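Here's the structure we're looking at; comments come further down.
The values are calculated or read from the model by the stated rules, or taken from the named source; none is laboratory data. It should be emphasised that the depicted structure is a prediction, and the values quoted were computed from it without experimental measurement. We place every Cβ from the backbone using ideal geometry, glycine too, and count neighbours over all the protein chains shown.
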Amino acid sequence: MGTQAPGGRFRLKDGTRLISGDNGPLVLQSTPLRAIRFNPAAMGVLEQCQTGFSLKYAAGNSYDEGALALCDTLYTAGVLDWEPPDERYEPFVSIVVPVYNRTNEIGACLASLLKLNYPASRREIIVVDDASRDQTVSVIENYDVRVIVQPKNMGQSAARNIGVQAAKGEIIAFMDSDCTADPDWLRELLPYFHDPRLALVGGFVDTPKGNSQPDRYEAVQSPLNMGGKRVMGKGGNSVFYVPTCNMVLRKETYIRAGGLDERLRVGEDVDFCWKLMALGHRLMYTPEGRVTHKHRNRLFENFRRRFDYGTSEAVLYDRYRQIIKRFPWHWEGFLLLILWVTGLTLRSVPLLVGGMFYLMVEPFYNRMRFNRHFGLTVPLRKFFSATGKSHLTLACQFGHHLTRYYLMPAMAIAIFVPQLTLPLLVLTILPAAMLFFQKKPNLWFPVFLFFFWLDQLFYQSGVFWGCLKQRSFRLYRVSFAPAGGPRSKFPGRASSLGPRKAAF
């Protein structure tokens, strides 16, 4: 038994059903299509998750660590979702804003922070001017905030570290000087700290609306936008991170971890998150607590920043040797992918037809195997849908990795080996097409594809240049593992229909 119960509730994810099967209770999910068998004790916890399972009991504030471990595992496996409690959480918060030569942006930033829906007596705003050479300090002095002026420019990591040292709050909130915060920014992020195991929370980073084509591309493909789903990061081999332009964390954790690495001018947020997880801390991203980040709207400046981000990757992967890029593996998907790539290369109709035939037959086999093992009858159309999504996802992941790190070599290969032009073109267009379909940018697809390719070219150029400077190319290493994770309690690919078990 523990001494303090984490707040919040665990709930079954949408599309998840509890079924009393002939061979024991089951969880059946529709997206991805899979079944997991549990023992009765575990199913008792899951039944409570249908309406929201809280680890706090009516008598006292103790909790069952076994139930918590089960819920954590199922959250990671995508069976459960977690939401913070509704009750307010109002610790003293120190908002730290580093700034350098932002005369035109810092005013809007500070005005938004002073309008936060949070008690003024429970927060402070600390602006660290990093030796600006324009009128930034004069603008800051018009607002009711604390100002720390650096004698020389040290970089935003050093500025943040200095701000934290001067902070009075138990919670630190970071925001960039070219950002504005929604009024409920802190209100939406702070309740997550009801879970005492959570060290850091990152919120949604939006982009201002613009009419130019680069603006419209950035609106859906900003590297600062972490997406629309809640994600937890933990474990020393996780690649999870959130940007410092919208990061809230415990001051004690920050200080114990040594703060941000002042030697890094880019990638310092990734480095800090990876360091925290290596130390055993839990981090979370949630698509709440919105800030709006003013991006570079000139084409070259915008993509030059992608180059800078790429250079930091070599440093990070050389520093955290336990982290290796993991690529999902299932032999059926790679067999079909190889079949179709070979068919496109050789312009072989029989191979392409063979791949289509395999795609049509596999759902029948999966349904037969599923029904035999679990004794459930699931409509055949669900197996066709699950199988198609599984193969499409694998092809998109492969194409995205190819485009992200090898687009330039792929273009050279297509020139010198024309037979490979068609399959390489398909593989590099596929991830852009999937993103275009999902995010629906206000752009014609050829324009979006051009920006997408340009984005990848700048980034991978930065990656290669960073590797040369670091004299380390280990970031190009890839580990193949089941989508459920190596040695996972839930082995198999995400859309696997095979047997899965959980102990409680």
| query | Among the listed residues Leu316, Leu346, Leu283, which satisfies the condition of being touching a residue at least 12 places away in the same chain (Cβ under 8 Å), surrounded by fewer than 21 Cβ atoms within 10 Å (Cβ to Cβ) and in contact with a helix residue (DSSP H, G or I) (Cβ under 7 Å, 6 or more places away or on another chain)? | reply | Leu316
| Regarding Asp308, is this residue under 30 Å from Pro84 (Cα atoms), in a helix (DSSP H, G or I) and of a type in the set (Asp, Glu)? | no
| message | Could you check the range 246-260 and list, in sequence order, the residues that are surrounded by fewer than 18 Cβ atoms within 10 Å (Cβ to Cβ) and either of a type in the set (D, E, K, R) or in contact (Cβ under 8 Å) with a residue 40 or more places away in the chain (or both)? | response | Glu252, Thr253, Ile255, Arg256
| request: Only residues that are farther than 20 Å from Leu190 by Cβ and either surrounded by 15 or more Cβ atoms within 10 Å (Cβ to Cβ) or among the aliphatic types (A, V, I, L, M) (or both): list them for the range 111-135, please. | output: Ala111, Val127, Val128, Asp129, Asp130, Ala131, Ser132
| query | Which ones in the range 410-460 are of a type in the set (S, T, N, Q) and in contact (Cβ under 8 Å) with a residue 24 or more places away in the chain? | reply | Gln419, Thr428, Asn442, Gln456, Gln460
| Are any residues in the range 268-293 over 15 Å from the mean Cα position of the chain (by Cα) and part of a loop (DSSP other than H, G, I, E, B), and if so, which ones? | Leu279, Gly280, His281, Gly289, Arg290
| task | Would you be able to say whether some residue in the range 330-337 is of a type in the set (D, E, K, R), within 30 Å of the chain's Cα centre (by Cα) and assigned to a helix (DSSP H, G or I)? | result | yes
| said: List the residue pairs whose Cβ atoms are under 9 Å apart, where the first residue sits in the range 385-405 and is not assigned by TED's automatic domain parsing to the domain that holds Val463, the second is surrounded by 20 or more Cβ atoms within 10 Å (Cβ to Cβ) and not in a helix (DSSP H, G or I), and the two are 6 or more positions apart or on different chains. | reply: none
| message | With assigned by TED's automatic domain parsing to the domain that holds Val239 and of a type in the set (Gly, Ala, Ser) as the only criterion, which of Gly289, Gly310 stands out? | response | Gly289
| Among the candidates Glu65, Glu105, Glu83, Glu87, residue that is crowded, with 18+ Cβ neighbours inside 10 Å and acidic (Asp, Glu) | Glu105
| query | Of the residues Val99, Val79, which single one is more than 23 Å from Ala181 (Cα to Cα) and β-branched (Val, Ile, Thr)? | reply | Val79
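For every residue, the table says whether it meets (1) over 22 Å from His401 (Cα atoms); (2) in contact with a Ser or Thr (Cβ under 6 Å, 6 or more places away or on another chain); (3) modelled with pLDDT under 50.
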{"residue": "Tyr459", "(1), (2), (3)": "no, no, no"}
{"residue": "Gly462", "(1), (2), (3)": "no, yes, no"}
{"residue": "Gln470", "(1), (2), (3)": "no, no, no"}
{"residue": "Ser479", "(1), (2), (3)": "no, no, no"}
{"residue": "Pro486", "(1), (2), (3)": "no, no, yes"}
{"residue": "Phe490", "(1), (2), (3)": "yes, no, yes"}
{"residue": "Ser495", "(1), (2), (3)": "no, yes, yes"}
{"residue": "Ala503", "(1), (2), (3)": "yes, no, yes"}
| message | Condition first: in contact with a Pro (Cβ under 8 Å, 6 or more places away or on another chain), within 29 Å of Phe448 (Cα to Cα) and not polar (S, T, N, Q). Can you find one or more residues in the range 244-266 that meet it? | response | no
| Matching option when the condition is within 16 Å of Thr31 (Cβ to Cβ), among the β-branched types (Val, Ile, Thr) and out of contact with any strand residue (DSSP E or B) (no Cβ under 6 Å at 6 or more places or on another chain), among Thr387, Thr403 | Thr387
| query | Looking at Ile162, is it of a type outside the set (Phe, Trp, Tyr), in contact with a strand residue (DSSP E or B) (Cβ under 8 Å, 6 or more places away or on another chain), closer than 30 Å to Gly235 by Cα and assigned by TED's automatic domain parsing to the domain that holds Leu264? | reply | yes
| request: Evaluate the following for Trp274: is it aromatic (Phe, Trp, Tyr) and in the same structural domain as His400 (by TED's automatic domain parsing)? | output: no
